[in-house]
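What follows is calculated from the coordinates using simple rules that are stated; it is not laboratory data. Source: prediction; values computed, not measured. For neighbour counting, all protein chains shown are included, and Cβ atoms are generated from backbone atoms with ideal geometry for every residue, glycine included.
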Amino acid sequence: MPTALVTGATAGIGAAFARRLAQERYDLILVARDQDRLDAVAEGLRAVGSAVEVLAADLGTDAGCGRVEERLAAGGVQLLVNNAGFSTAAQRFDRIDREAEEAMLRVNVRAVMRLCHAALPAMRTTGRGDLVNVSSVAGFFPSAGSPTYAASKAYVTAFSEGLSAMYGPAGIRTIAVCPGFVRTEFHERAGLPTQGVPEKMWLSADEVVSAGLRDLRRGIPVSVPTARYKALVAAERLIPSRAMVALGRRATQRRGH
């Protein structure tokens with residue numbers, strides 16, 4: 001059976017990836033900070049027949065990131081899902097603790113780069129492998145929310161496109177999965193208000209995973225789940241940057257920032 005390593009695997013999109021890949025007969029390596037939650041998720045997945053290894057690691061630290069890099073470098077991982085990430089967007093940039101912003105960049109940006117770098121040599125040796133990096137539509141709308149979070153996701157998307165172009169011919173597929181609003185713990189943990197978000201704009205984690213894996217296997221480097229979010233991203237590229245900044249300013253004012 002092939003093996004997949006999933007970061008941020010205990011909840012939300014990461015847990016949905018783990019469930020889906022278990023159904024597809026992957027063995028799993030689950031990475032998250034909370035050992036107890038990892039063990040609980042692993043027990044459920046073992047019940048459906050997957051071999052599951054757990055690796056408690058904080059990707060915001062050198063030691064935690066290094067542990068996962070070592071596991072990837074050992075080989076045997078055919079699919080890497082970089083899902084771990086968080087936001088500090090509940091506050092205005094000048095009011096956010098700088099350490100919190102740097103911690104977010106270590107997880108959202110540096111860990112994604114480091115884990116892909118660690119996974120690629122073994123994948124190149126075998127001539128096959130998949131890299132799935134969970135990004136966000138926020139990366140296309142840097143003026144509509146947290147500048148740092150949006151920039152981190154813009155990096156993930158551009159980085160994934162670059163890897164796709166560089167390693168696709170060698171049999172290694174890379175995709176950035178860019179969902180919009182998803183019903184997970186993400187917004188609550190970040191303290192982000194969601195009142196007023198239309199019901200039709202919410203996605204389930206399973207929808208995001210299905211779209212991402214389908215597009216990966218079609219060779220599409222950037223997956224934006226659902227037609228409505230595809231239309232939003234396409235419209236953003238047509239709107240002048242000055243107008244986008246004005247729209248973002250109004251959105252920020254509505255949140256009371």
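Tabulated results
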item	result
Ranked list, fewest to most other Cβ atoms within 10 Å of each Cβ, for T148, T10	T148, T10
Neighbour-count order for D130, D39, fewest beta carbons within 10 angstrom listed first	D39, D130
Tail weight of P(r) past 17 Å, computed on alpha-carbon pairs of the range 81-185, percent	53
Two-site FRET efficiency, R217 against D94, from Cβ-Cβ distance with R₀ of 41 Å, rounded to 0.05	0.40
Overall form of the range 1-51 per C-alpha gyration tensor (a/c, 1.5; a/b vs b/c)	prolate
